[in-house]
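A.B. asks: Below is one structure. I have some questions about it.
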Amino acid sequence: MTKAAIDLGNVGLWTGILDGMPSSEANELCAEAGELGFKTIWIPEAVGRDPFVTAMRVLENTTDVTIATGIANIYARDAMTMANAQRSIEEAHPGRFLLGLGVSHLHLVEWVRKHDYSKPLTYMRAYLEAMHKARFMAVGPSDLPEIVLAALGPKMLELAASETAGAHPYFVPPEHTQMARNVMGPDALLYPEQMVVIESDPDAARAIARQHMKTYAALPNYVNNLVRLGYEAEDVENLTDSVVDAVVVWGSIDAIAKRVQEHFDAGADHVCVQVLTEEPHQVPEGWRRLAPALID
């Protein structure tokens with residue numbers, strides 16, 4: 001497999017909790033994650049803080065943390081703005097920022113941002129080409145640093161492998177990682193996200209999982225992806241036990257470590273773990289409990 005230009009470490013953290021606290025507290029929390037041994041923190045973009053601003057603030061206030069976007073929405077800014085924001089962060093903090101790009105979802109693109117979502121794959125292909133052609137008249141890298149795509153289906157995975165460093169699939173079980181590796185070949189980088197619940201009671205664990213999964217189970221991109229893997233659409237939409245257990249690993253620390261290893265066995269280069277809890281303030285304790293088992 002291709003050696004990544006940016007060293008993410010084997011296991012990172014994916015989290016959406018930073019927007020729910022003052023930036024100063026987010027910086028402190030990210031610093032603690034780095035001290036625990038998690039080299040990379042993945043952050044989303046929806047309708048909260050700008051991820052580039054968050055990335056710069058965290059990078060300026062930490063020394064051993066890498067920030068990755070999971071993902072930056074290509075409909076939120078034009079290709080030149082995206083490319084040059086990436087270059088600007090790379091110039092300031094070399095090797096500590098990974099740009100993950102994605103087409104997001106119809107409701108966020110058309111309803112919230114008022115853009116046309118009719119051909120997301122075509123738009124992504126043209127967007128990447130425009131990024132590489134973007135003028136940049138400032139101190140910084142002339143070539144674009146490493147990019148990965150939020151890719152689920154075969155066509156977007158193929159684009160990720162041919163035009164970027166690789167893929168960052170979200171809301172996926174290990175069998176998707178195997179499929180993605182088969183589609184992209186041995187050289188593309190593969191960085192799946194894995195949701196986890198540290199709770200051994202089945203009813204309690206699945207309740208927490210469903211609390212977080214319900215938003216995604218209503219989105220066609222994720223439903224269609226799981227259907228391609230053999231799950232029934234009705235089971236995905238209703239979040240049956242089989243679907244919950246496929247997407248979210250729950251139970252002991254050892255059970256979670258085993259699921260993460262399944263992604264590596266299926267071809268992942270890095271796995272970003274998202275701790276799910278009843279309340280956001282409980283998430284960091286999950287990081288503390290997981291670190292000894294997941295960090296080499």
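A.B. asks: Restricting to the stretch 58-68, give me the number of residues that are in a helix (DSSP H, G or I) and either closer than 14 Å to SER88 by Cβ or without any contact (Cβ under 8 Å) to a residue 12 or more places away in the chain (or both).
C.D. replies: Here the count works out to 2.
A.B. asks: Out of the stretch 239-252, which residues are exposed (fewer than 15 other Cβ atoms within 10 Å of the Cβ) and either modelled with pLDDT under 95 or not hydroxyl-bearing (Ser, Thr, Tyr) (or both)?
C.D. replies: ASP241
For (1) free of Cβ contacts under 8 Å to residues at least 24 places away in the same chain; (2) touching a Ser or Thr at 6+ places or on another chain (Cβ under 9 Å); (3) farther than 14 Å from ARG228 by Cα, each residue gets a yes or a no:
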residue	(1), (2), (3)
PRO154	no, no, no
GLU158	no, no, yes
GLU175	no, no, no
VAL183	no, no, no
PRO186	no, yes, yes
GLU193	no, no, yes
VAL196	no, no, yes
ASP201	yes, no, yes
ARG206	no, no, yes
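A.B. asks: Could you check the stretch 69-123 and list, in sequence order, the residues that are in a loop (DSSP other than H, G, I, E, B), out of contact with any strand residue (DSSP E or B) (no Cβ under 9 Å at 6 or more places or on another chain) and of a type in the set (Ser, Thr, Tyr)? Steps first, answer last, please.
C.D. replies: Applying the first criterion (in a loop (DSSP other than H, G, I, E, B)) to the stretch 69-123 yields 70-71, 74-78, 93-96, 103-105, 113-119.
Subset that is out of contact with any strand residue (DSSP E or B) (no Cβ under 9 Å at 6 or more places or on another chain): 75-78, 94, 105, 114-119.
Within the stretch 69-123, TYR75, TYR117, SER118 meet the criteria.
A.B. asks: What number of residues within the stretch 147-163 are buried (at least 20 other Cβ atoms within 10 Å of the Cβ) and either part of a loop (DSSP other than H, G, I, E, B) or in contact with a strand residue (DSSP E or B) (Cβ under 6 Å, 6 or more places away or on another chain) (or both)?
C.D. replies: 8
A.B. asks: In the stretch 275-286, which residues are within 16 Å of LEU36 (Cα to Cα) and either part of a loop (DSSP other than H, G, I, E, B) or in contact with a Gly (Cβ under 8 Å, 6 or more places away or on another chain) (or both)?
C.D. replies: VAL275
A.B. asks: For the structure I just gave you, tell me whether VAL227 is farther than 27 Å from LYS39 by Cα and either surrounded by fewer than 14 Cβ atoms within 10 Å (Cβ to Cβ) or modelled with pLDDT of 95 or more (or both). Give the derivation first.
C.D. replies: On the way: farther than 27 Å from LYS39 by Cα: yes; either surrounded by fewer than 14 Cβ atoms within 10 Å (Cβ to Cβ) or modelled with pLDDT of 95 or more (or both): yes.
In short, yes.
A.B. asks: Being surrounded by 16 or more Cβ atoms within 10 Å (Cβ to Cβ) and aliphatic (A, V, I, L, M) is the filter here, so list the residues in the stretch 258-296 that pass it.
C.D. replies: The answer is VAL260, ALA266, ALA268, VAL271, VAL273, VAL275, LEU276, VAL283, LEU290, ALA291, LEU294.
The values are calculated or read from the model by the stated rules, or taken from the named source; none is laboratory data. Quantities reported herein were computed from a predicted structural model and do not represent experimental measurements. Note that we place each Cβ from the backbone using ideal geometry, even for glycine, and neighbour counts take in every protein chain shown.
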